[in-house]
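Comments concern the structure below.
The values are calculated or read from the model by the stated rules, or taken from the named source; none is laboratory data. Note that this is a predicted model, so its numbers are computed, not measured. Counting neighbours? That spans all protein chains shown, and the Cβs are built from the backbone with ideal geometry, glycine included. To get the accessible areas, we keep the full protein, side chains included, count just its heavy atoms, and leave off ligands, DNA and RNA. Shrake-Rupley method; radii C 1.70, N 1.55, O 1.52, S 1.80 Å.
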Amino acid sequence: MDAPELTPRRIAAFMVMVVGMFMAILDIQIVSASLPDIQAGLGASPDEISWVQTSYLIAEVIMIPLSGFLGRVMSTRILFAASAAGFTAASFMCATSGSISEMILWRAAQGFLGGGMIPAVFAAAFTIFPPDKRNIVSPIIGLIATLAPTVGPTVGGYLSHAMSWHWLFLVNVIPGIAVAIGAWTLIDFDRPNWKLFDRFDWWGLAALAAFLGSLEYVLEEGPSNDWLDDRVVAVLALVMVVGGVVTFWRALTQDEPIIDLSAFGNANFAVGSIFSFTMGIGLYGLTYLYPLYLASIRGYDSLMIGQTVFVSGLAMFVSAPLAGVLASKLDLRVMLLTGFVGFAASTWMLTGLTAEWDFDELLAPQILRGLSLMLCMVPINNLALGTLAPDKMKGASGLYNLMRNLGGAVGLALINTVLSDRSALHYARLSEALSWSNHEATRQLDQMAQGLAARGLDGPKAALAQMTLRLHGQASVMSFIDVFLLITVLFGGLAMAALLMRPPARGGAPAGH
């Protein structure tokens, strides 16, 4: 199957799609720094407000693998234009929500329709662009996939601080209308095949929704609810297992399955998907950890956090053209290995973390992280998708993006679990060390008690309370260090696996299948 002719119209269509993909990925994280503002505005409880993000993630993760089949049925043009229009309408409805229930409903609609846009961009990049142009286009989609979640909290913090939380969603309306019109007008990559709907696997869809929806819920809510000790988590874990078994059974036995797993027969795609999963852990994990440290240890507000973590996004933006140039000159496997080692080095630098670390101390790790992410994303995209046949691209693109999102979900669940468990362990150990036989500890307690008594407080009791707070703070910092060390080991350990892949052909047809 020959690739479609590359024309100025198709290049313009691709750029329109990139804007839509940026909006969809940005909206995952845009609310994260502004949840307290939304909570106050809607009168939501702490348990309810987390669903503003969870509902989006659950709906998106269901749609991403489904989009491959829908793209073949409806065509890229109809699917993308409809997804963009629906995403825009759902964004407007989020801004006008008067209750938390309405907000959760429209956020789920936002996530589902946004999930229809993301894989289509990857599929278009590796279908309409010839191999010799991919070192130009791959940095673009790599930049969007990494930059959007990284700057999400920054953009959200600025919007809610400068205007109101409603603008987190209203900001999508004008660009969204433009993307929907542009997609409908310009995209002409393929044609619909409505006859495939006659063989639509409804049981497969139900199983897929049960599997991925339950998996996302378990990973989101498990760490804060003692995992299977919580009844809802335990029930949905069972639903996840049953849904997963049925999903894979249907995928392997149906003539037109909802998700096509045949791309995993390509060794590059299989290994690339593992890398995509790992990138999800690093990308979403650190996007979560930096703000969490700055808020919980340093006491920063959303605006200050946004100003501090913006460095990584800036480093990605600046290094994207460099990654494109290097991809045309270096062996992609060496470039990928370098990116993984650089990412591991950036988290290794964070293992010296203290409660006093600020913008200056976090500057170098953030710059190295941003540079390394781009050095990873470009070769991963090219190696994983560049050796697939064009007719496999839509389904494979959905699976490839799904792996990155699942990596993020699994990573966040593990990070929260490790932070909680290790913090408790470190606190217990620190408490044991601060016994009454520890002369330095008793000296500091006496000094604190005298100072607090001078202010009219119960000196000994207040000193013990203050020391307890110090221990909790130190235990928390030590748990952050443990997580950074684990991420270092993960990326450093997987770096050599890059050499297992084989480079795609520099020109002509994809190299093998």
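Below are the figures for this structure:
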| quantity | calculated |
| --- | --- |
| Summed residue charge, Cβ within 14 Å of Leu57's Cβ, Lys/Arg positive, Asp/Glu negative | -3 |
| Stretch in the chain that is longest and holds no trypsin sites (Lys or Arg not before Pro) that DSSP places in a loop and that have at most 12 other beta carbons within 10 Å | 1-454 |
| Summed side-chain charge close to Met403 - residues other than Met403 whose Cβ falls under 15 Å, Lys, Arg +1, Asp, Glu -1 | -2 |
| Where region 316-409 is the region considered: accessible area per residue in Å², 1.4 Å probe | 31 |
| Label-to-label distance, nm, for residues given as Ser50 and Ile181 (7 Å Cα→Cβ offset) | 4.2 |
| Residues in region 363-392 reached by a label modelled at Asp255 [backbone nitrogen below 19 Å; 7 Å Cα→Cβ] | none |
| Sum of side-chain charges, Ser101 neighbourhood, beta-carbon under 12 Å (Lys, Arg +1; Asp, Glu -1) | -1 |
| Nearest-20 debye value, the chain charge dipole, Cβ charges on Lys, Arg, Asp, Glu | 1200 |
| Ranking by accessible area, most exposed first, for Glu432, Glu48, Glu60 with a 1.4 Å probe | Glu432, Glu48, Glu60 |
| Set of region 147-161 residues, backbone N closer than 17 Å to the point 7 Å along the Cα-Cβ line of Gln307 | 153-161 |
| Segment Leu500-Arg199, extension gain: residue separation times 0.36 nm, minus the distance between their alpha carbons | 104.6 nm |
| Length added when fully stretched, Ala295-Leu363, from 0.36 nm per residue minus Cα-Cα | 22.8 nm |
| Acute angle (nearest 10 degrees) that the helix 173-186 long axis makes with the longest principal axis of the chain, alpha-carbon atoms | 20 |
| The chain - percent relative contact order, Cα under 8 Å, separation 6 or more | 21 |
| Inter-label distance, nm, simple model (7 Å from Cα along the C-beta direction), Ala206/Thr7 | 4.4 |
| Whole-angstrom Cα spans of region 170-318 along principal axes, big to small | 56, 51, 36 |
| Value at 222 nm in deg cm²/dmol, rounded to 500, when DSSP H runs of n ≥ 4 in the chain each add -39,500 (n - 2.57) | -26000 deg cm²/dmol |
| Accessible area per residue in Å² at 1.4 Å probe, computed on region 142-251 | 50 |
| Solvent-accessible area, 1.4 Å probe, carbon plus sulfur percent, for the chain | 67 |
| Charge-dipole axis of region 6-103 as Lys and Arg at +1 and Asp and Glu at -1 on Cβ define it, positive-most pick from Met74, Ala95, Ile62 | Met74 |
